[in-house]
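Bear in mind these aren't lab numbers, they're just calculated from the coordinates by the rules spelled out. These numbers come from a predicted model, not from an experiment. A quick note on method: Cβ atoms are made from the backbone with ideal geometry, for glycine too, and the neighbour counts reach across all protein chains shown.
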Amino acid sequence: MRIIENAAIATVDARGTEYRSGHVVADGEVLVAVGEGPAPAQYTGTRVDGSGCLVTPGLINTHHHLYQWATRGYAPDSTLFDWLVELYPVWGRLDAEITHAAASAGLARLALTGCTTVADHHYVFPREGGDQLAALVSAVGRVGVRGHLVRGSMDRGESHGGLPPDHLVEDLDAALAGTEAAIDVHHDPSPDARVRIAVGPCSPFTVTERLMTEAAVLARRKGVRLHTHLAETLDEERQCLAEFGCTPAEYAEKLGWLGDDVWLAHTVHLADDAVRRMGATGTGSAHCPTSNGRLGTGIAPARGLLDAGAPVGLGVDGAASNESGGLGEELHQALLQARQRGGPEALTTRHALWMGTMGGARCLGREGELGSLEPGKLADLAVWDLGGLRHAGIDDPVAALVLGATPEVKLLLVGGETVVADGRLRTTDEAAVTAELGAASGRMR
Ligand SMILES: [Zn+2]
């Protein structure tokens, strides 16, 4: 057993229970005790002194494009559409080795910022690019986090009014067959799954109406979740209104893309009625505040979505639009942006932590086993060191985490196994990952 004691604990359970000085006990991959004071004497095993630390559930990243770790720093001052047009030809050079290096780096960065579960949306499959999904699955295993790999797709190239060049898109049948194969080979439906697959046509402006519709049918036939980008920019809304005579949210609903098995990246530009529909249908939102800020796309209505009852999780988005790629800081950004949009009471520090943990678990359909520290749940947790210069003396440990700099991770457990200890990766060699990333970025240039 692993026994963490003397730590502040934010359980993020339904009552928001917190302990000023408490214990968490993991037996194998499962939590068996969480409470105030020292651990009961019946629990024996390895003890971790959590003095000066805060324990939270492991953070859950709900939107990413890990391959973009090999293309950071391009088009630093562009709009989304101009940024995409500059990056598409670069992404055409992607192969499985580059994807593995980029994903290893991105996952390492996430683990070092408190993240234990990562949703990745991968939609670039160059014809000579090798087995992209296998490269991602391998990186997930190497770093030791849980992966929700969204098998993305694009079938609408320039010649069909889409944004990407034709050579970067698949045809509809290949996209659907590749997606079904990814589910058959890699998807694990068990509660302690390390790898799950979801279905993810990229966005309305890169995918045909038919692929959006048939992808949803495929996902529901296979019993997996659905993910896509939606309502990220005003450019997208204008194009959608001109082409389909409806907003992106109305388009999504028409094609079967609202529901409690769907989570949507960004959802920045939603009318009040669309916010209500997201809540009524239980559709999740992957809120990516840093990426939205870098591309100047607007501020998502996180507070409104929470009030409507929609699950809202946090995401770093691809590192080509968020060069930092750390999830801890998204708690901070989400809080700042929500208050800039809705005033000082728009989002509390606890709401921000909820989005980064339980909100993400709900988006991914993992609320039964992840997202909070409660007996019976999987032992995925972060022990944040609040003892250094950056946080010493901050009265409220959750405020220290959300309002302060991202603390060093003293311990990160995934299924009870150590991924990070004392701010260092323990599953793989960070220097090797860094060197591979440098080589991969050079090959993409
Ligand atoms: Zn994205």
Q) Kirkwood Rh, Cα Rg: Rg to Rh for the range 330-389? A) 1.06
Q) If packing is taken as the mean number of other Cβ atoms within 10 Å per residue, what is the order of 435-444, 48-57, 334-343, 318-327, highest first? A) 318-327, 48-57, 334-343, 435-444
Q: Calculate, for residue 13 and residue 134, the FRET efficiency according to 1/(1 + (r/R0)^6) with r their C-beta to C-beta distance and R0 56 Å; round to the nearest 0.05.
A: 0.90
Q.
With only alpha-carbon atoms in the gyration tensor, what are the semi-axes of the equivalent ellipsoid for the chain, in Å, largest first?
A. 34, 24, 20
**Q.** Centroid-to-centroid separation of the range 275-334 and the range 180-247 [C-alpha atoms, Å]
**A.** 17
Q.
Using Cβ counts within 10 Å as a stand-in for footprinting exposure, how do 90, 150, 224 rank, fewest first?
A. 90, 224, 150
Q. Using 1/(1 + (r/R0)^6) with R0 = 60 angstrom and r between the beta carbons of residue 41 and residue 184, what's the FRET efficiency to the nearest 0.05?
A. 0.80
Q. When only alpha-carbon atoms count, how far does the range 235-393 stretch along each of its three principal axes, as whole angstroms with the largest first?
A. 55, 36, 31
Q) Can you pull the percent of Cα pairs in the range 137-192 with separation above 16 Å? A) 56
**Q.** Compactness of the range 320-445, expressed as Rg and Dmax over alpha-carbon positions, Å
**A.** 16.8, 48
Q. So what's the Cα pair-distance distribution over the range 94-211, bin width 10 Å, in %?
A. 14, 43, 31, 11, 0
(Q) Based on Cα coordinates alone, diagonalise the gyration tensor for the range 11-152, multiply each eigenvalue by 5, take square roots, and list the semi-axes in whole Å, largest first. (A) 40, 17, 12
Q. If you look at just the Cα atoms of the range 304-365, how large are its Rg and its Dmax in Å?
A. 11.7, 32
